[in-house]
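Worksheet for the structure shown next.
What follows is calculated from the coordinates using simple rules that are stated; it is not laboratory data. As the structure is a prediction and not an experimental result, all values here were calculated from the model. In this analysis, Cβ positions are derived from the backbone assuming ideal geometry, glycine residues included, and neighbour counts consider all displayed protein chains.
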Amino acid sequence: MRMLIKGKVLKTAFIDTLPILAAYIVLGIGFGVLMSDAGYFPLFSFFMSVFIFAGAMQYVAVSLLTAKVMPLTALLITFLVNARHIFYGLSLLERYKDTGKLKPYLIFGLTDETYSLVCSQPYVKNENKTAYYFTVTLLNHIYWITGGVIGNVLGSVLPFNSKGIEFSMTALFTVIFIEQWKQTKDHTPALIGIVATAVSRIVFGIDYFLIIAMVIIAVSLLLLLQRRKEDEHFA
Amino acid sequence: MPDTHDLILVAVIAVGTAATRFLPFLLFPAGRKKPDWLLRLSDVLPSASVAMLVVYCLKDVYVSEPHGFLPELISLAVVSLLHLWKRQPLLSIGGGTICYMVLLQQVF
């Protein structure tokens, strides 16, 4: 097997994932502390971070574990919390098409943060791109696992006040948003995303707004594309 | 110690999470020709999804008190201005995050 991670790719991926490193370690620690408070050993946190690898969901998982809910309940909540991932897969069908043996792992590790980096890459097909996608996914996975284990082993001990560091996620998404905005003349999809999510949050409250926003976004985009297609047709 | 029920729950959550990530790839396998609407949709979906994520991150802000939204508003402005000025992702993200931490810990 050829070297999967070349030095240059590793360097680029590491620099690109630095904001995620900061946030995943701290959020991972938050998860680990919850697990330790719930009476679980670090090894269990480790396994959860390895096999689930979903930030928000693992926070929810701790409360599902302590409440000893029915498996079917846990499954439905999982679908509800993670439904947004469906959008990521739909937009990466082409990008991940020729990623070969690594494809299952790339799809498995498709977190919000990994997705935002992958979809902001210029769309070119080559081996380096696949190596980059893989390295980003793997690094993020390692950061997340490490944070969870540290948190579970040490409890809430951090050498500095990390309150607010999770904003690096918001900042990362904002930067990618600006980059996408600059790279395209067509701003309607971005505006639909903002307006639909914000209005949905205000109208429907915090529990279900994201699912409703997704439906509104999908329908609006399909209607928009349909209208454009008809315009092309008559033009 | 995790008991059997814990292990079952973790397995269910892991499978459920993976299912949401694999579903699009299973519905539209690589070998088959994708419908036209899907290709068009996957062109515009990243912009809409990242916009959705930005708003999703701000889901906990509230406007009834200044500290419910001002740290986020100011820090978002810092991220955006830094980025429009220098276009260095790490500078924009680092600057905005430090600004937010200072506002949250020292000011509000």
Which of A:L210, A:L93, A:L72 moves the most in a Gaussian network model of chain A with Cα springs under 10 Å? A:L72
In the calculated pair distance distribution of region A:7-74, what percentage of Cα-Cα distances lie above 15 Å? 59 percent
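For A:E230 and B:V63, what does the FRET efficiency come to when R0 = 51 Å and r is the distance between their Cβ atoms, rounded to the nearest 0.05?
Details: r = 40 Å, r/R0 = 0.79.
FRET efficiency, A:E230 to B:V63: 0.80.
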Between the alpha carbon centres of region B:84-104 and region B:1-42 the gap in Å comes to 34 Å
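Give me the inter-chain shielding for A:62-72: mean count of other chain Cβ atoms within 10 Å, whole number please.
Details: counts 0, 0, 5, 7, 1, 1, 4, 3, 4, 7, 1.
Counting other chains' Cβ atoms within 10 Å and averaging over A:62-72 gives 3.
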So if we plug the beta-carbon distance of B:Q88 and B:D36 into 1/(1 + (r/R0)^6) with R0 = 35 Å, what FRET efficiency do we get, rounded to 0.05? 0.35
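Compare the peptides B:34-40, B:75-81 by average per-residue count of other Cβ atoms within 10 angstrom and give them in order, highest first. Could you put the intermediate results ahead of the total?
Working: B:34-40: 13.9, B:75-81: 19.4.
In descending order of packing, they fall as B:75-81, B:34-40.
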Among the listed pairs A:K8/A:K97; A:K8/B:K59; A:K129/B:K86; A:K101/A:K163, which are separated by more than 31 Å between their Cα atoms? A:K8/B:K59; A:K101/A:K163
Between region A:7-65 and region A:74-112, what is the C-alpha centre distance in whole Å? 18 Å
How many nm is it between the label spots at A:E127 and A:K97, if each spot is 7 Å from the Cα in line with the beta carbon? 2.1 nm
For region A:184-230, restrict the atom set to alpha-carbon positions and state the Rg and Dmax in Å. 11.7, 37
What do you get for the angle between helix B:36-57 and the principal long axis of chain B? Use alpha-carbon atoms, 0 to 90 degrees, nearest ten. 40 degrees
To the nearest 10 degrees, how steep is helix A:127-154 against the longest Cα principal axis of chain A, on a 0 to 90 scale? 30 degrees
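Write down, largest first, the equivalent ellipsoid semi-axes of chain A in whole Å, where each equals the square root of 5 times an eigenvalue of the alpha-carbon gyration tensor.
Details: eigenvalues 202, 117, 58 Å².
Semi-axes from the Cα gyration tensor: 32, 24, 17 Å.
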Point-to-point label distance, B:D3-A:T184, nm (Cα→Cβ direction, 7 Å offset): 5.0 nm
With Cα coordinates, the longest principal axis of chain A makes an angle with the long axis of helix A:71-82, in degrees rounded to 10, of 50 degrees
